[in-house]
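Scroll down for the structure; my scribbles are underneath it.
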Amino acid sequence: MLENSDVIGSRSETVLGVFYAGSGFLIWGLSPVYWKNLIEVPALEIIMHRIVWSVIFLICFIGLQRRWDDFVVALKNPRLLLTLFATAIFIFGNWFLYIWAVNNNYLLQASLGYYINPLVNVVLGMLFLRERLRKPQVVAVLMAATGVLYLTFYFKEFPWIALTLAFSFGFYGLIRKVAPVGSLVGLAVETMFLFLPAVIYLFYLDSIGAGSIFRVSFKLDLLLIGCAPVTAAPLLLFTLGAKRLYLSTVGLMQYIAPSGMFLLAIFFYGEPFSKAQIWTFIMIWAALVIYSTDSVIYFRRER
């Protein structure tokens, strides 16, 4: 898909691709500001609203794009449905932990997790897809592992939030890699698996007077309903951008998101940033420089 000569190549398409993908990554990077405005709502309730409103939003969008044929084909494929059920579990866990981390002042760990994610993908590719690691990739993975271990021994606390986010999203990507379905239709089917439990949970909260929507303020109602475009818009922008760019370009641009989280955590939300954390991030960033440089060189050589 990323190497389609009919789509990639012209300067205008490349500029448009950078705009689309960059906008998607920027929204992901700045999304903590949105979730912080929902800090009074429990993370599980936010996720349930995110699922319910996303399903409605995505179904409407599929209709607007006239993608009903793709959607129906996906629903009629038992093997694909089983695959997307598995990815639904991983994306649910990733969303829940991410919002919980943001609203409990662990945004630095969340950013660390998404910095590590590309290197986790390399390891998962080696373990499950029998991909061979090039020497620079091995060095990058070892440097990242050293940074995590250093942080663990310094604080005597395992950075489980960062690693759980990295591996849950890594496994999500790994499974979706083998699923023959587009991003829009795939996300719609995934969220549909979670739709009924989410609706039941929200009605239960309402029945005991603990639900947040239509009880607190009109602003909060809009923020909860707005979980849908905040979820779907960056994914759709990313998809539009990825079709117009080379894989190496998209790979470098993905660091916009965790960089946004990192800067928000330090300069906007004032999360503590110790010397140990500084050294850990330096090792991770150095590992990513090695990994990204090797990826670009390898991609150009192969092309």
- Query: In the stretch 106-138, what residues are outside any helix (DSSP H, G or I) and in contact (Cβ under 8 Å) with a residue 40 or more places away in the chain?
  - Reply: 106, 129, 134
- Message: Checking the structure you have, find out if any residue of the stretch 157-175 is more than 18 Å from the chain's Cα centre (by Cα), part of a helix (DSSP H, G or I) and either crowded, with 23+ Cβ neighbours inside 10 Å or touching a residue at least 24 places away in the same chain (Cβ under 8 Å) (or both).
- Response: no
- Message: Looking at the stretch 200-223, I want the residues that are under 12 Å from residue 49 (Cα atoms) and free of Cβ contacts under 8 Å to residues at least 12 places away in the same chain and have a partner that is part of a loop (DSSP other than H, G, I, E, B) and of a type in the set (S, T, N, Q) with Cβ atoms under 7 Å, at least 6 apart or on another chain. Which pairs are those?
- Response: none
- Query: Does any residue in the stretch 265-283 that is more than 20 Å from residue 116 (Cβ to Cβ) and in contact (Cβ under 8 Å) with a residue 12 or more places away in the chain come within less than 8 Å, Cβ to Cβ, of a residue that is surrounded by 17 or more Cβ atoms within 10 Å (Cβ to Cβ) and of a type in the set (Lys, Arg) six or more places away or on a different chain, and which pairs are these?
  - Reply: none
- Can you name the residue in the stretch 215-227 that is part of a helix (DSSP H, G or I) and either basic (Lys, Arg) or surrounded by 12 or more Cβ atoms within 10 Å (Cβ to Cβ) (or both) and, of all such residues, is farthest from the chain's Cα centre (by Cα)? 219
- Query: Mind checking whether some residue in the stretch 84-91 is in contact with a helix residue (DSSP H, G or I) (Cβ under 6 Å, 6 or more places away or on another chain) and farther than 15 Å from residue 192 by Cβ?
  - Reply: yes
- Report whether or not residue 212 is buried (at least 18 other Cβ atoms within 10 Å of the Cβ) and either among the aromatic types (Phe, Trp, Tyr) or part of a helix (DSSP H, G or I) (or both). no
- Query: Where residues in the stretch 79-109 are among the aliphatic types (A, V, I, L, M) and closer than 22 Å to residue 256 by Cα, which of them is surrounded by the fewest Cβ atoms within 10 Å (Cβ to Cβ)?
  - Reply: 97
- Task: Output the helices (runs of 4 or more DSSP H) that fall wholly within the stretch 1-105 and possess 3 or more residues being among the polar types (S, T, N, Q), or say none.
- Result: 11-36, 78-103
- Within the stretch 256-267, is even one residue in contact with a helix residue (DSSP H, G or I) (Cβ under 9 Å, 6 or more places away or on another chain) and closer than 19 Å to residue 13 by Cα? no
- The residue from 152, 87 that alone is without any contact (Cβ under 8 Å) to a residue 40 or more places away in the chain and either closer than 29 Å to residue 32 by Cα or touching an Asp or Glu at 6+ places or on another chain (Cβ under 8 Å) (or both) is 152
- Query: Of 149, 112, which residue is closer than 26 Å to residue 266 by Cβ, hydrophobic (A, V, I, L, M, F, W, C), modelled with pLDDT under 95 and surrounded by 21 or more Cβ atoms within 10 Å (Cβ to Cβ)?
  - Reply: 112
- Being within 20 Å of residue 64 (Cβ to Cβ) and of a type in the set (Val, Ile, Thr), is that true of even one residue in the stretch 153-176? no
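The values are calculated or read from the model by the stated rules, or taken from the named source; none is laboratory data. Keep in mind the model is a prediction, meaning the values are calculated, not measured. For neighbour counting, all protein chains shown are included, and Cβ atoms are generated from backbone atoms with ideal geometry for every residue, glycine included.
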